[in-house]
Amino acid sequence: MFGIIEHVQGDLPWGSVLDAGTGVRSARWISGLPSSRWTAVSADPDHLRLAEEASAAERRPQDRLVLGNWQDPALLTGESHDTVLAEYLLGAVESYAPYFQNDLFARLRPLVRGRLYVVGVDPYVIGPANDETGALVQAIGRLRDACALLAGVTPYREYPAEWVMQRLEQAGLRISFARRFPNFYDRQWVERQLEDSRQLTGWIGDPAMAGALAGRIDRLRARAYELLARLGGLSHGHDYVIAATPG
């Protein structure tokens, strides 16, 4: 998705860059851009620490990492940035600021001097699946979310691209680019989701329930490996990139 953003950006200077929901991937990317400075924000201390480590080699004196939650009206107050990145931030907000998604882009709008890029994934754990790979991806996502809820952890909540564009426009931003890209999940994705699920079962107070979920994890892993060996990946759903500018 970063390559798509770079293509859309074209010859426009990056200027001051804000990574509104940083992580290892985005921190590595923005630290390599020809920006004048960058700021990376996360509400999660562990994510921020990992982002700090990932960007350490390229970080300049003017670059900074900030621990903060966008529900805090004082966070980066009075600032504006030429390029703002919200990479998979919308879905993650649910875990740190529940029910705040509807206000997220209005909150970010004063910070956008040039262009806002939103990267997200269409909801994929609900609705019908078109084939066996889609059904398996849904089953893995649903299991992960079920383990989270039973462990007392709030799972991510994703929103479709159309919803995002409506909220961007309501916040006073004009859509300049919007495109979906088919998802093709690999073995690494499967392992990450199932390992997260297994760790969450350790926080479930009912041993019988935790054991049943652990068995379900093993069965889904075996099924996923079978399909991955045969198909090379699991095709289901879409990610999207949306660019918007002050309207």
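The values are calculated or read from the model by the stated rules, or taken from the named source; none is laboratory data. This structure is a prediction, so every number in the text was calculated from the model and none was measured. Because the Cβ atoms are built from the backbone with ideal geometry, glycine has one as well, and the counts that use them run over all protein chains shown. Surface areas here come from the heavy atoms of the whole protein model, side chains and all, with no ligands, DNA or RNA. Shrake-Rupley method; radii C 1.70, N 1.55, O 1.52, S 1.80 Å.
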Practice problem: For the stretch 101-200, run through the GluC sites (Glu not before Pro) and keep only the ones in DSSP coil with at most 16 other Cβ atoms within 10 Å of their Cβ. | Solution: none
Quiz item: Excluding ligands, DNA and RNA, what is the solvent-accessible area per residue of the stretch 111-173 at a probe of 1.4 Å, expressed in Å²?
Solution: 43
Self-check item: Using alpha-carbon coordinates, inclination of helix 207-231 to the longest axis of the chain, degrees
Solution: 80
Exercise. Averaging over all projection directions, find the projected area of the Cα convex hull of the stretch 160-247 and quote it in nm² with one decimal place.
Key: 8.1
Quiz item: How large, in percent, is the carbon and sulfur part of the accessible surface of the chain at a probe radius of 1.4 Å?
Solution: 53
Quiz item: Relative to the longest principal Cα axis of the chain, at what angle does helix 132-150 sit, 0 to 90 degrees, rounded to 10?
Solution: 80
Practice problem: Return one whole number: the accessible area per residue of the stretch 11-59 in Å², for a 1.4 Å probe. | Solution: 46
Practice problem: Could you tell me how many degrees, from 0 to 90 and to the nearest 10, lie between the Cα long axis of helix 161-170 and the main elongation axis, the longest principal axis, of the Cα atoms of the chain? | Solution: 30
Quiz prompt | Glu191/His7 FRET efficiency (R0 30 Å; Cβ-Cβ; nearest 0.05) | solution = 0.50
Exercise. Return the whole-Å distance between the Cα centroid of the stretch 143-192 and the Cα centroid of the stretch 1-70.
Key: 20
Quiz item: Which whole number in µm²/s is D for the stretch 1-100 by Stokes-Einstein, with the Kirkwood Rh taken over Cα pairs at 37 °C and 0.692 mPa s?
Solution: 237
Quiz prompt | Principal semi-axes in Å for the chain [√(5λ), Cα gyration tensor, largest first] | solution = 33, 20, 18
Quiz item: What is the Cα radius of gyration of the stretch 88-192 over 2.2 N^0.38 Å, N being its residue count?
Solution: 1.20
Quiz item: Rounded to the nearest 500, what is the chain's calculated 222 nm mean residue ellipticity when only DSSP H runs of at least 4 contribute -39500 (n - 2.57) each, over all residues?
Solution: -14000 deg cm²/dmol
Quiz item: If you stretched the chain out fully between Glu132 and Arg59, how much longer would it get, using 0.36 nm times the residue separation minus the C-alpha to C-alpha distance?
Solution: 21.8 nm
Quiz item: With the chain treated as a Gaussian network of Cα nodes joined by springs under 10 Å, which of Leu104, Leu194, Leu227 yields the largest mean-square fluctuation?
Solution: Leu227
Quiz prompt | Two-site FRET efficiency, Arg28 against Phe181, from Cβ-Cβ distance with R₀ of 22 Å, rounded to 0.05 | solution = 0.60
Quiz item: Just in the stretch 50-84: which GluC sites (Glu not before Pro) are loop by DSSP and have at most 16 other Cβ atoms within 10 Å?
Solution: Glu58, Glu79
Quiz item: Working from the pairwise distances between different alpha carbons, so that the mean of 1/r is found and then inverted, what is the stretch 13-160's Kirkwood radius in Å?
Solution: 16.4
Quiz item: Can you pull out the trypsin sites (Lys or Arg not before Pro) in the stretch 18-72 that DSSP calls coil and that have at most 13 other Cβ atoms within 10 Å?
Solution: none
